[in-house]
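K.L.:
Please read through the structure below; I'll follow up with questions.
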Amino acid sequence: MRRTRQLLFSPETVRLEILTTPLNRLGLTIEGTLFGGAIAQALEDTKRARIRKIEPVFYLSTGYGTVEGTNNIGVGFYDATETLRDLNKEFRGWVYSYDDVVATLRHEIGHAFCYAYKLYRRPDFRRVFNVRGNFFRTYPVTERYIHRANPWSRDYVNPSGDHYAQKHPDDDFAETFLVWLTPRSGWRRAYRKYPGALRKLEYVEFIVKELGRQAPLVENDPAMLDQPLEELTQTVAQFFKARTTKYRRRATGFVDADLHSLFRPRPASRNGRKPERDHVHAANFLRDNKRAITTRVSLWIGVEERVVRDLIEKCAERAAALDLWLRKDDREKQLIEVTSYISMRCGLYAVYERYF
């Protein structure tokens, strides 16, 4: 990689950019990430188990979970890329392996199965999983269950070692479903000395055989999502409660602060008038003027065109991520300001071989 791009895309710079980017501007998708393979594997397990009629909807969110009463399953955005996984490990102290993600998805599909067939209303389900009162309203809002969990209990599965099945009957079923669904888990042998847990595993097998090929009782609404990533404006750093000082000191290509000075946030719509009518996206503005700016700055400053071009492309990329705009009426003035800014940064590069 040439030096200009080494500076502009240094690991510290990229991490700082991610940390300062709003969640809804990360541009993440499920396809092409760790989630694609993990979801495919978990769904293949359900097909093998002859669960044919429920179709979970997976979406990016701030964590893993199934929306109450639906088949909509959120997955934690922090597992989408290796850099995000590294940042999650750095600032929150843990990271899921691929196998952990697959296991979590099996657990969530267990919730989806329970909700799709309203198992919580069945007397046999309530008896086996000891349901008392309203199934949803009794769900605890904290993790204090861990203080009352019995580590020696033989009534619950414990695949992750965190006694999560003891939190609530909803999670008891989902954890039991996870163990039952996992290929080659050998659950009959593994839990042969745990009569309570074995009874629940056998119930899962029974209920899947009964309902797996039947149409769900609940028609899923894919619009019922909990904290979908595209609606969240907090930055990654705010989500992780991360301090960015270390990365700010070491970043060699961080242009975000300068771009915020040059451009403005997305303007609000007024009286139904879309901002695109009076404004131009900063990324498009930079790309449209790249050729002219590159030629002039290269000539004036005496640097190779790639030095200028790489910086403009970096600015356009970050302007898109930050969703920055400018007024159409200000394009000429803005072109002068941007050209001056690019000239200043390239002037530093001409002398010191660095932009900052």
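K.L.:
Taking the Cα centre as origin and putting +1 on Lys and Arg beta-carbons and -1 on Asp and Glu beta-carbons, what dipole magnitude results for the chain, to the nearest 20 debye? Walk me through the intermediate numbers first.
P.N.:
Numbers: 60 positive and 46 negative charges, 90 e Å.
Its charge dipole is roughly 440 debye.
K.L.:
Note down the relative contact order for the chain as a percent, whole number, built from C-alpha pairs under 8 angstrom at least six residues apart.
P.N.:
On the way: 498 pairs, mean separation 82.1, N = 356.
The normalised contact order for the chain reaches 23 percent.
K.L.:
Could you work out the Kirkwood radius for region 192-275, taking every pair of different alpha carbons, averaging 1/r and inverting it, reported in Å?
P.N.:
Over region 192-275, the inverse of the mean reciprocal pair distance is 20.0 Å.
K.L.:
Once R0 is set to 51 Å, what does the formula 1/(1 + (r/R0)^6) return for the Cβ-Cβ distance between GLU353 and GLU55, expressed as a FRET efficiency to the nearest 0.05?
P.N.:
0.40
K.L.:
How far apart, in nanometres, would the label points at TYR64 and GLU143 be if each is projected 7 angstrom from Cα along the Cα-to-Cβ direction?
P.N.:
For TYR64 paired with GLU143, the spin-label model returns 1.3 nm.
K.L.:
About its Cα centre, how strong a charge dipole does region 309-348 have in debye, to the nearest 20, once Lys and Arg get +1 and Asp and Glu get -1 at the Cβ? Walk me through the numbers on the way to the answer.
P.N.:
Values: 8 positive and 8 negative charges, 10 e Å.
With only Lys, Arg, Asp and Glu charged at Cβ, the dipole is about 40 debye.
K.L.:
Where Lys and Arg each count +1 and Asp and Glu each count -1, what net charge lies around LYS241 among other residues with Cβ under 15 Å from its Cβ?
P.N.:
Values: positive: LYS89, ARG92, ARG243, LYS246; negative: GLU90.
With Lys, Arg at +1 and Asp, Glu at -1, the net is +3.
K.L.:
Mean separation of Cα pairs under 8 Å and 6+ residues apart, divided by the residue count of region 241-334: what relative contact order is that in percent? Before the final figure, lay out the partial values.
P.N.:
Numbers: 82 pairs, mean separation 39.1, N = 94.
Normalised by residue count, the contact order of region 241-334 is 42 percent.
K.L.:
So how long is each side of region 22-229 along the principal axes, counting just the alpha-carbon atoms, biggest first, in Å?
P.N.:
Largest first, region 22-229 extends 47, 38, 35 Å along its Cα principal axes.
K.L.:
Rounded to the nearest 0.05, what FRET efficiency do ASP226 and ARG331 have when you use their Cβ-Cβ distance and R0 = 45 Å?
P.N.:
Values: r = 41 Å, r/R0 = 0.92.
The pair ASP226/ARG331 has a calculated efficiency of 0.60.
K.L.:
Could you pull the Cα extents of region 84-157 along its three principal axes, largest to smallest, in whole Å?
P.N.:
For region 84-157, the Cα spread along each principal axis is 45, 29, 25 Å.
K.L.:
If I fit a long axis through the Cα atoms of helix 331-352 and take the longest principal axis of the Cα atoms of the chain, what angle between them do I get, 0 to 90°, rounded to 10?
P.N.:
90 degrees
K.L.:
In addition: As a check on your grasp of the helix formula, calculate [θ] at 222 nm for the chain: sum -39500 (n - 2.57) over DSSP H runs of n ≥ 4, divide by the residue count, round to the nearest 500. Please list the in-between numbers first.
P.N.:
On the way: 17 runs with 181 residues, N = 356.
Using -39500 (n - 2.57) per qualifying helix, the result is -15000 deg cm²/dmol.
K.L.:
Please report, in debye to the nearest 20, how large the charge dipole of region 16-156 is about its Cα centre when each Lys and Arg carries +1 at its beta carbon and each Asp and Glu carries -1 there. All intermediate terms of the calculation are to be shown ahead of the outcome.
P.N.:
Working: 20 positive and 16 negative charges, 223 e Å.
That gives a dipole near 1060 debye.
K.L.:
Follow-up. If I model a spin label at GLU12 and VAL95 as a point 7 Å from the Cα along the Cα→Cβ vector, what separation in nanometres do I get?
P.N.:
That separation, rounded to one decimal, is 2.0 nm.
K.L.:
Shifting gears a bit: For Cα pairs less than 8 Å apart in space and 6+ apart in sequence, what is the mean separation divided by the residue count of region 22-229, i.e. the relative contact order in percent?
P.N.:
Answer for region 22-229 is 27 percent.
K.L.:
Along the three principal axes, how long is region 1-53 when you take its alpha carbons, biggest first, rounded to the nearest angstrom?
P.N.:
Computed over the Cα atoms, the extents are 54, 26, 13 Å.
K.L.:
Hey, another quick one. Just subtract the alpha-carbon distance of ARG249 and ARG132 from 0.36 nm times their residue separation and send over the number in nm, one decimal. Kindly include the intermediate steps, with their values, before the conclusion.
P.N.:
On the way: separation 117, 0.36 × 117 = 42.12 nm, distance 5.51 nm.
Once the chain is fully extended between ARG249 and ARG132, it gains 36.6 nm.
K.L.:
Take LYS314, LYS47 and order them by how many other Cβ atoms sit within 10 Å, fewest up front.
P.N.:
Taking fewest neighbouring Cβ atoms as first place, the list is LYS47, LYS314.
K.L.:
Hey, another quick one. Compute the projected area of the convex hull of the Cα atoms of region 273-326, averaged over all viewing directions, and report it in nm² to one decimal place.
P.N.:
If I average the Cα hull's projected area over directions, I get 3.8 nm².
K.L.:
Related question: Starting at 0 and stepping by 10 Å, how many percent of the alpha carbon pairs of region 22-91 end up in each bin?
P.N.:
18, 47, 27, 8, 0
K.L.:
Can you compute the FRET efficiency between LYS209 and ARG296 using 1/(1 + (r/R0)^6), with r the Cβ-Cβ distance and R0 = 51 Å? Round to the nearest 0.05.
P.N.:
On the way: r = 73 Å, r/R0 = 1.44.
That pair, LYS209 with ARG296, gives E of 0.10.
K.L.:
Related question: Most exposed first by the Cβ proxy, i.e. fewest other Cβ within 10 Å, how do ARG250, ARG148 rank?
P.N.:
Working: ARG250 14, ARG148 9.
Fewest to most other Cβ atoms nearby, the residues stand as ARG148, ARG250.
K.L.:
Using a ≥ b ≥ c from the Cα gyration tensor of region 219-329 (square roots of the eigenvalues), is it rounded, prolate or oblate, where a/c under 1.5 gives rounded and otherwise the larger of a/b and b/c decides, a/b for prolate?
P.N.:
Details: a/c = 2.57, a/b = 1.43, b/c = 1.80.
Here region 219-329 falls in the oblate category.
K.L.:
So, one more: What are the lysines whose alpha-carbon lies under 22 Å from the alpha-carbon of LYS53, with same-chain residues fewer than 8 places away excluded?
P.N.:
Straight-line reach from LYS53, under 22 Å: LYS118, LYS209.
K.L.:
Hey, any idea what the orientation-averaged projected area of the convex hull of region 123-282's Cα atoms comes to, in nm²? Walk me through the numbers on the way to the answer.
P.N.:
Numbers: hull surface 71.1 nm².
With every direction weighted equally, the projected area is 17.8 nm².
K.L.:
Using the scaling law 2.2 N^0.38 Å as the reference, what is the normalised Cα Rg of the chain? Kindly include the intermediate steps, with their values, before the conclusion.
P.N.:
Working: Rg = 26.3 Å, N = 356, 2.2 N^0.38 = 20.5 Å.
Against the empirical 2.2 N^0.38 Å value, I get 1.28 for the chain.
K.L.:
At what distance in nm do the modelled label points of ASP258 and ARG306 sit from each other, each positioned 7 Å from its Cα along Cα→Cβ?
P.N.:
Output for this residue pair reads 2.0 nm.
K.L.:
What is the order of LEU178, LEU7, fewest Cβ neighbours within 10 Å to most?
P.N.:
Numbers: LEU178 28, LEU7 21.
Going from sparsest to densest Cβ surroundings: LEU7, LEU178.
FYI, it's all coordinate maths here, none of it is from the lab. Computed from a prediction, not measured in an experiment: that's the story for all the values here. Here the Cβ is made from the backbone with ideal geometry for all residues, glycine too, and neighbour counts use every protein chain on show.
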